[in-house]
1. Mind listing whichever residues of the stretch 1-19 are surrounded by fewer than 13 Cβ atoms within 10 Å (Cβ to Cβ) and modelled with pLDDT under 80?
2. Does at least one position in the stretch 48-60 carry a residue that is farther than 20 Å from residue 10 by Cβ, out of contact with any strand residue (DSSP E or B) (no Cβ under 9 Å at 6 or more places or on another chain) and either free of Cβ contacts under 8 Å to residues at least 60 places away in the same chain or exposed (fewer than 12 other Cβ atoms within 10 Å of the Cβ) (or both)?
3. Could you pull out the residue among 28, 22, 54 that is assigned to a loop (DSSP other than H, G, I, E, B) and at pLDDT 80 or above?
């Protein structure tokens, strides 16, 4: 993912982060336990943090982008 500011990417990513947070925090669902046991859990969290860091460092070039950046 090179341009995290393109289109509605922030809204999509924030929704994905919300879903992943719910999945990771879930304690009773077998699917959540399975996700946590697999190495994908750590890789997913690492990638999410990487995206958030990139987002926090990007410059705002167009009007309205500040709100999108904050959403993410």
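1. 1, 2, 3, 6, 7, 8, 11, 12
2. Within the stretch 48-60 (the criterion being farther than 20 Å from residue 10 by Cβ, out of contact with any strand residue (DSSP E or B) (no Cβ under 9 Å at 6 or more places or on another chain) and either free of Cβ contacts under 8 Å to residues at least 60 places away in the same chain or exposed (fewer than 12 other Cβ atoms within 10 Å of the Cβ) (or both)), the answer is no, since none of the residues qualifies.
3. 28
The values are calculated or read from the model by the stated rules, or taken from the named source; none is laboratory data. Keep in mind that this is a model prediction, so the values were computed, not measured. Don't worry about glycine lacking a Cβ; one is built from the backbone with ideal geometry, like all the others, and counts go over all protein chains shown.
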